[in-house]
Amino acid sequence: MPHRRRLHFLAALAILAAVLLTGCSGTITGGDVETLLRAPQISGPTSAVQKALNSALGVSANLKYPASGDFLSPFLFGDWDGDGQEEAAVLYTMDAAAGNVWLAVLEPTGDDSWRVAQTAEGLSGEVESVTCAHLKDADSLQILVGYGSAQGDLYMVVYLYSEETLQVIIKQSYTDMILANLTGGEGTEDLVLALPTERENGGVNLQLLTNTEDGFRSAQTLAVGDGIYNGCAGLYAGAVGEKGAYLVVDGWAGAGGNSLASSIVLYDPETRFLKTYLPAGVQDLYRATLRYDTALVSTDLDGNGTIEIPGVIDDGGEIASPMDKRLRFLLWRDYADAEGGGSSFGVYDSEYRFFLALPESMHGSVLLRTNRDGTGWLICNAEGTTVYCELRIADPAEAVEEQDPALRETDGEEYHRVANIGSQQLQVRIVTPYYGLSLQQIIDGTTVFR
């Protein structure tokens, strides 16, 4: 989906370049930019949907592209009412330069033919995100649109389409959102919104919206990190076998909000409420997860469905100057069970924002130092007498350069690409083999943070 959005953007750049090369006016208004960002050619079902919408409106609608979410197109297709037939929806504005976004739902009427069933005016002229979810039942899909204001405020609207009627069932300001099956509903999902923080260090308020006997509604608001967090930096859902889903909350910490810490939230099926969770053996989860690099967000590091939370540790090994200003030893923990869950030990490069998992046998017994030309760093034994591997940042087209003579005798490998970091490459060279630190294990154990 991000690739699709880039194509729209590249198409707009191509049109813009053509305008400039033909000597036309170089002044572009907001409305002109929106026009340029529209796809120049629309074909297939989307073309028929657009024609039906324009015919119903009596004017040409200005299509509106969401910035993020499941849909990066103004055209949405799904079974909105659960009747087994796919409907369409379109995001558009009546005026390219001003006015709120509208949402239209269209019903199919035959082969490549559509009619407008309902339209609803949105809350602003910008669409931050669009997604859909089974909130009401396992058959129908609800449309979730996050609207953004010029002041940076976000507003979530949940649309329910039933019997050719489009209803707004939720309208709420928010800063972040996540969908997860926290309550154990069969085929349905729950919506959790992080609400705006009204005061500094006011914590994070999470609003749980779920399907109940009275319909989909707000079931609870839970305060997390009161007096510690001053806003929500991210919400992440993990799953632990029969225990179901849980949430990890990354909160902005510190007086200036320039650090992160994490909390864990579970759903209690007996009380039917969310509650914060303190893992066994952890006295202060805030201190255990406090980190001063805001790129270090919680994530499913190993792809097993649980969420790992990073913590900076002091006993990982030695880091020689000047790399001690750039590198940190981390221990990622997923806290997935009563014993504290699994963990992953490794080193984090704060300049290029990537984490490299290391074998646990290296914990406390490695030395990290800069390589000869300063393009990267070496992983050595504790005494620094044996170099296991070298990591460097290089231009992808750069040829292999002459290496440190002290390494050349033991170096039987060339550099290999590990990951792309911007326009450069993270490359690795195995010097002395070490069990658990093969080329493939380095590639698999590297996570790049944006």
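The values are calculated or read from the model by the stated rules, or taken from the named source; none is laboratory data. Just so it is clear, the structure is predicted and the values come from calculations on it, not from any experiment. Note that each Cβ is placed from the backbone with ideal geometry, even for glycine, and that neighbours are counted across all protein chains shown. Ligands, DNA and RNA are excluded from the accessible area calculation, which covers all protein heavy atoms including side chains. Shrake-Rupley method; radii C 1.70, N 1.55, O 1.52, S 1.80 Å.
Below is a table of values for the structure above.
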{"item": "Karplus-derived 3J(HN,Hα), 6.51/-1.76/1.60, for each residue of the stretch 171-182, Hz, glycine and proline x", "result": "9, 8, 6, 7, 10, 7, 8, 8, 10, 6, 8, 7"}
{"item": "Rounded percent of accessible protein surface that carbon and sulfur make up, the stretch 248-372, 1.4 Å probe", "result": "47"}
{"item": "Over the stretch 231-276, relative contact order from alpha-carbon pairs under 8 Å, at least 6 apart, %", "result": "28"}
{"item": "Sequence ranges 309-319, 215-225, ranked by mean other-Cβ count within 10 angstrom, highest first", "result": "309-319, 215-225"}
{"item": "Rg/Rh for the stretch 142-257, where both radii come from Cα atoms and Rh is the Kirkwood radius", "result": "1.00"}
{"item": "Accessible area per residue in Å² at 1.4 Å probe, computed on the stretch 117-207", "result": "43"}
{"item": "Set of lysines near residue 171 by C-alpha distance (under 23 Å), chain-local residues within fewer than 8 positions excluded", "result": "64, 136"}
{"item": "Chain lengthening between residue 70 and residue 153 when straightened (0.36 nm per residue, less Cα-Cα)", "result": "27.8 nm"}
{"item": "Under Karplus coefficients 6.51, -1.76 and 1.60, residue-wise ³J(HN,Hα) of the stretch 96-101 in Hz, glycine/proline x", "result": "5, 9, 7, x, 7, 6"}
{"item": "Accessible-area value, residue 252, 1.4 Å probe, nucleic acids and ligands omitted, Å²", "result": "80"}
{"item": "Under Karplus coefficients 6.51, -1.76 and 1.60, residue-wise ³J(HN,Hα) of the stretch 108-123 in Hz, glycine/proline x", "result": "x, 10, x, 5, 6, 9, 9, 9, 6, 9, 8, 9, 9, 7, x, 9"}
{"item": "C-alpha center-to-center spacing [the stretch 285-317, the stretch 162-216] in angstrom", "result": "27"}
{"item": "Placed amide H near residue 176: partners under 5 Å, 5+ positions off or other chain", "result": "194"}
{"item": "Amide H contacts of residue 126 (H built 1.01 Å from N, under 5 Å, at least 5 apart or other chain)", "result": "101, 148"}
{"item": "Other-chain or far-sequence residues with amide H under 5 Å of residue 252's (modelled H)", "result": "230, 231, 232, 233"}
{"item": "Accessible area per residue in Å² at 1.4 Å probe, computed on the stretch 248-404", "result": "45"}
